[in-house]
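Input: a single structure, listed below in structure tokens.
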Amino acid sequence: MRLTRHTDNALRALIYLGIHTTDSPSRIADIARRMGMSEDHVAKVVARLAQLGYVETIRGRTGGVRLARDAEEINVGEVVRATEDNLTLVECFDPATNQCPIAPVCALAPALDEALSAFLAVLDRYTLADLTTKPRALAKLLVA
């Protein structure tokens, strides 16, 4: 399984914001530069994260973006589910597009479904706070 760039960037942006919890909001340009992402991708990710209630955006000259919730309240599995556009691992997971002739008796789909559930269950055990337990070490790596 591979997460989309959107989800990867969302998680990385949240980690950045999780270690930059000062009173002043972070700028998209800073997040992009320090995390090695394009500003366009960060802007799209931030817009989606704001829609989902994970971050808040502040307009104006001194504006930017910051976490809308405490890091302990942001569940990694929840973020992945909300930002991944498609967790359909194989065609037969989607009855509307399933063309597989062996789907009615195939044992692969249930095994993959179990694996996906286990993957998400592990991510459900983590919060953003768990991903930012070493803020100084992370910040040191992000010096521009």
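Bear in mind that the values in this text are calculations on the coordinates, not laboratory data. Quick caveat, the model's predicted, so the values are computed rather than measured. Using ideal geometry, Cβ is built from the backbone for each residue, glycine included, and neighbour counts are taken over all protein chains shown.
Quick look at the values:
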{"quantity": "Residues of the stretch 66-97 satisfying the condition of being over 21 Å from Ile19 (Cβ atoms) and either among the hydrophobic types (A, V, I, L, M, F, W, C) or in contact with a Pro (Cβ under 8 Å, 6 or more places away or on another chain) (or both)", "calculated": "Ala82, Leu87, Leu89, Val90, Cys92, Phe93, Ala96"}
{"quantity": "Filter result for Gly60 (of a type outside the set (Asp, Glu), surrounded by 15 or more Cβ atoms within 10 Å (Cβ to Cβ) and either touching a residue at least 40 places away in the same chain (Cβ under 8 Å) or closer than 30 Å to Ser24 by Cα (or both))", "calculated": "no"}
{"quantity": "Scan of the stretch 98-123 for residues that are over 19 Å from Arg2 (Cβ atoms), surrounded by 10 or more Cβ atoms within 10 Å (Cβ to Cβ) and not hydrophobic (A, V, I, L, M, F, W, C), ordered by number", "calculated": "Asn98"}
{"quantity": "Residue in the stretch 87-97 that is surrounded by the fewest Cβ atoms within 10 Å (Cβ to Cβ), counting only those that are touching a residue at least 12 places away in the same chain (Cβ under 8 Å) and out of contact with any Cys (no Cβ under 9 Å at 6 or more places or on another chain)", "calculated": "Leu87"}
{"quantity": "Residues of the stretch 1-52 that turn out to be hydroxyl-bearing (Ser, Thr, Tyr) and either assigned to a loop (DSSP other than H, G, I, E, B) or free of Cβ contacts under 8 Å to residues at least 12 places away in the same chain (or both), as a count", "calculated": "5"}
{"quantity": "Filter pass, Ile19 being closer than 16 Å to Leu131 by Cα, of a type in the set (A, V, I, L, M, F, W, C) and either in contact with a Cys (Cβ under 8 Å, 6 or more places away or on another chain) or surrounded by 13 or more Cβ atoms within 10 Å (Cβ to Cβ) (or both)", "calculated": "yes"}
{"quantity": "Conditions (1) farther than 26 Å from Ile31 by Cα; (2) assigned to a helix (DSSP H, G or I): number failed by Glu72", "calculated": "(1)"}
